[in-house]
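FYI, it's all coordinate maths here, none of it is from the lab. Keep in mind it's a predicted model, so treat the numbers as computed, not measured. Reconstructed Cβ throughout: ideal geometry from the backbone, glycine too, with neighbour counts over all protein chains shown.
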Amino acid sequence: MACCHDDHCAVAPPVNGSGWRRALWIALVINGGFFLGEIIAGAAAGSSALQADALDFLGDSANYAISLGVAGMALTWRSRAALAKGGTLVILALWVLGSTAWHAFHGTLPGAEVMGVVGFAALAANGGVALMLYGFRGGNANMRSVWICSRNDALGNFAVLLAAIGVFGTGTGWPDVIVAAIMGGLGLSGGWQIISQARRELGTAPAVQVVAAR
C-alpha cells in the first residue's frame, strides 16, 4: 500500500468510536466554558481579538455538538453537517472582519493585561484539545472539520497573546486589530477547506452507497 504524507491520507478512525465521542464531549465542555469567559473579558477589555476568539469558541461548541449528533449516521448526512459547519465558519469569520473594521475606525484601546491572561488560559485549553483531536485529522469531512477548527483556535489564541504584547508595548489598539483580522482570515480559509472536502464527499457518496449495497 502506498504511503502518503498528507493529512487526507492518514488512516481514518472509526466514525462512531468511543474515543472519538469522548474527545468531542471534552472539547464541547471546554469550548462552551471559554466562550462565556472570553465574551465577558473581551467586552470588559474592549478587545476585538478576544471577542473574535470568543465567537470562535461558540462556533466550535456548536461544531462539536453537531458532530456528536451525526457521528453514527451515513456519510451523506455527516458530509451535509460538515458543509453546514463550513458555511457557518465563513459567516462568523466575515462577522469578525466587520467588527474588527469597526474597532479600527473608532480607535479602541483594549486592556493588554486582560488580553494576556485570558489568551494564555485559552491557548493552554485549545492546545490540549488540538492534541487530543490530532489523531482524527485524517477522517471524513466531519472529523476533519473538528480538527481544523481546533488547530485554528490554538493558532488564534497564540496570536491573541502577541496582540496583548503589542498593545502593551505600543500603547495603541492596532496590534489587536491586526490579530483579529488574521483570525478572520483563518476562519475563512478553514471554512473553505471544510466546504471543499464536504462537497467532494457528497459527490462520491451515491457511488459508495451503491457499491456497499451490492
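Students often get this wrong: which residues of region 24-49 have the backbone nitrogen under 11 Å from the point 7 angstrom along Cα-to-C-beta of L162?
Once the point is set 7 Å along Cα→Cβ of L162, nothing inside region 24-49 turns out to lie under 11 Å by backbone N.
Determine, from the Cβ-Cβ distance of I26 and R200 and an R0 of 45 Å, the FRET efficiency 1/(1 + (r/R0)^6), rounded to the nearest 0.05.
Given R0 = 45 Å and the Cβ-Cβ separation, E is 0.95.
For S47, enumerate residues with amide H under 5 Å from its amide H, sequence gap 5+ or separate chain, H modeled in the peptide plane.
So S47 has HN proximity to G111.
Please work out whether region 13-213 counts as rounded, prolate or oblate from its C-alpha gyration tensor, where a ≥ b ≥ c are the square roots of the eigenvalues and a/c under 1.5 means rounded, while otherwise a/b larger than b/c means prolate and anything else oblate?
prolate
With Rg and the Kirkwood Rh both taken from Cα atoms, where does Rg over Rh land for region 53-135?
1.07
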